[in-house]
Amino acid sequence: DSLLPDLISAYKPLSPSLYFLYSTFAPFSMDVVASASFSVDIDSINNPDDPFGAHIKKFFNFSFFSPFFLFLSMSYLLLLVTQYYSKRVDFMQLMIQGQISDHQAERLTDQEILSQSFIFMLGGYETTSTTLTFLLYNLTTNPDCLNKLMKEIDEMFPHGAPVTYDALMKLEYLEMVINESMRLFPTAPRLERVCKKTVELNGITIPKDTLVAIPTYVLHRDPQLWESPEEFRPEKAHKEE
């Protein structure tokens, strides 16, 4: 409900043809992750100095090679969350309940809660805002796709109709648009995994403990795998293709 008003209020073009959308999507993503994970309701766009949001931003502006800084920041965030704590079932509440488990082996330590909270914010904040920014870029540079998507949404949700989960799952073209945008601009342009055991694939032996790099960005634009790989064509992601 807040994204569209925030986009309108933050509409400040850098030039007649240049808009910095990330500055709006980043705080919006932070609000969503904070609410779902910690039951903290913040308004990052209109209240950029909120303590919760300010400390999250420090994670991305400070060196990740400072464990002491990360520990202090996450400790302070945990304190803020406990002050805002509510009865809503969220990620933080489930982890805290894990501390009072009847089985000692299943209990989470404070350090484990801090670590999981940091990973959840790291994985949900930056990736979501970046994905939304690329998605809107692809739609604005392909107005025919934008009009088709708007038509599907208007038909599914007439004016004043409530937005429900079941109805969202029926928006097939929306799913195609998101998948195609993530194909062109994958959230993780490169993936790395460690081989747990020695295996042979297509005549190539990969020894145990070998670091395997997967070039996601390159694979998503490989002309041997995709027709017109540089073009934004949501129909590529159709389930029947």
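Close amide-amide hydrogen proximity is noted between Leu171 and no other residue 5 or more places distant or on a separate chain, at a cut-off under 5 Å (H modeled in the peptide plane; Pro and chain starts excluded). The stretch between Thr216 and Ala161 holds 15.9 nm of extra length on full extension. This uses 0.36 nm per residue minus the Cα-Cα distance. Note that region 206-221 has calculated 3J(HN,Hα) couplings of 10, x, 4, 6, 6, 7, 9, 9, 10, x, 4, 4, 5, 4, 6, 10 Hz, one per residue in order, obtained from phi through the Karplus relation 6.51 cos²θ - 1.76 cosθ + 1.60 (θ = phi - 60°); glycine and proline are x. Take each peptide in 189-198, 26-35, count the other Cβ atoms within 10 Å of every residue, and average; sorted highest first, the result is 26-35, 189-198.
The listed peptides 218-228, 145-155, ordered by packing as a protection proxy, come out as 145-155, 218-228 (highest mean of other Cβ atoms within 10 Å first).
Rule-based calculations on the coordinates, nothing more; no lab input. Because the structure is a prediction, the values reported are computed rather than measured. Every residue, glycine as well, gets a Cβ built from its backbone with ideal geometry; the counts of neighbours run over all protein chains shown.
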